[in-house]
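I have placed the structure first, in the form of structure tokens, so that the comments after it can refer back to it.
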Amino acid sequence: MDNKNLSKYNSPALDKGLDILEYLSKKVVNESQTEIAMGINKKPNEIYRMLICLEQRGYIVKNDVSGKYKLSLKLYYLAHRHPPLYALRTAAFYPMQDLAAFSRQSCHLSILNHDDFLIIAQCSSPGPVSLSVEVGSRFPLYNSTSGRIILSQKTDKERLFYLNKFEKYKGLTKIEKTNYLKGIKLIADRGYELMESETTKGVIDVGVPIYIPEINILGALVVTMLSGQVQELLGSDKIINKIRETAKLINFNLGVDI
């Protein structure tokens, strides 16, 4: 279905409600009706009924004193009771704890979510210094360890479908694009990725794919390490083997044949 046909099915009221939820999800302080309206490029009177409806349905909460709004925990609750994700997080809980204890590093589990990947579980390092990624965070597939691992599990056509949505990728030269895709193919061939973090200096990520066709989930299990702490782990294949073992155990806990 093309964009022209999609325009026939626009739902302005629903769009406004979703815009409000997405806007408030990015705010750490309560927002007034006027502030929300400005944030989503609407007039205050255009969103009044939306705010009332969202409050009545329990998605947002209005402060009785300031009259400002914030998100409730309802979206969090709904997301966490989604059966496939609940099953995956439950299956991953103890294996990820064991992985963190073995590596003495943090690890996280992410899944493909539209054009991004979504962190659905994380386990902090048992050591005094820990790098962690907040559960519920979303990141682009392009130029991230988890994103590259997820793309490696797609067909060539599917990879280009996702990558061409990113301006940074489209801005690469032909040779740069070829080299990038060769890197993705290498991950597919060897079954893991090991690279310096694109967003945090001094951090190395190593991870393997998670693929569970029975519940239609594609993701990545990644250990995040400070570069000064990884010599012993990277001196052999033991960290990679441990991550692979953890991924297999997660599948086993889900009752999936591997």
Completion exercise
Sequence order, segment 158-165: Karplus ³J(HN,Hα) from phi using 6.51 cos²θ - 1.76 cosθ + 1.60, θ = phi - 60°, Hz rounded, Gly and Pro as x, gives 5, 4, 5, 4, 6, 5, 6, 8
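I want to verify the translational diffusion coefficient of the chain in µm²/s; compute it with Stokes-Einstein, Rh as the Kirkwood radius over Cα pairs, at 4 °C and 1.567 mPa s. It would help to have the intermediate numbers written out before the result.
Numbers: Rh = 20.6 Å.
The Stokes-Einstein estimate is 63 µm²/s.
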Practice task
Can you tell me what the convex hull of the Cα atoms of segment 24-154 projects to on average, as an area in nm²?
Solution key: 11.1
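Give me the dipole magnitude in Debye, nearest 20, for segment 82-253 about the Cα centre, with unit charges on the beta carbon: positive for Lys and Arg, negative for Asp and Glu. Spell out each step's value before the answer.
Details: 20 positive and 17 negative charges, 78 e Å.
Value, rounded to 20: 380 debye.
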Handout entry: the chain: angle of helix 12-24 to the longest principal axis, Cα-based, in degrees nearest 10
Key = 60
Exercise for the section: Report, to the nearest 10°, how far helix 174-190 tilts away from the longest principal axis of the Cα atoms in the chain, using its own Cα long axis and a range of 0 to 90°. Expected result: 60
Problem - Set K182/K242; K26/K62; K16/K70; K168/K201; K27/K168; K43/K165 screened for pairs whose C-alpha atoms are more than 24 Å apart - result: K182/K242; K27/K168; K43/K165
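Computed from the coordinates by the stated procedures, all read-outs in this text should not be read as laboratory data. Model, not experiment: these values are computed from the prediction. Note: ideal-geometry Cβ built from the backbone for every residue, glycine included; neighbour counts use all protein chains shown.
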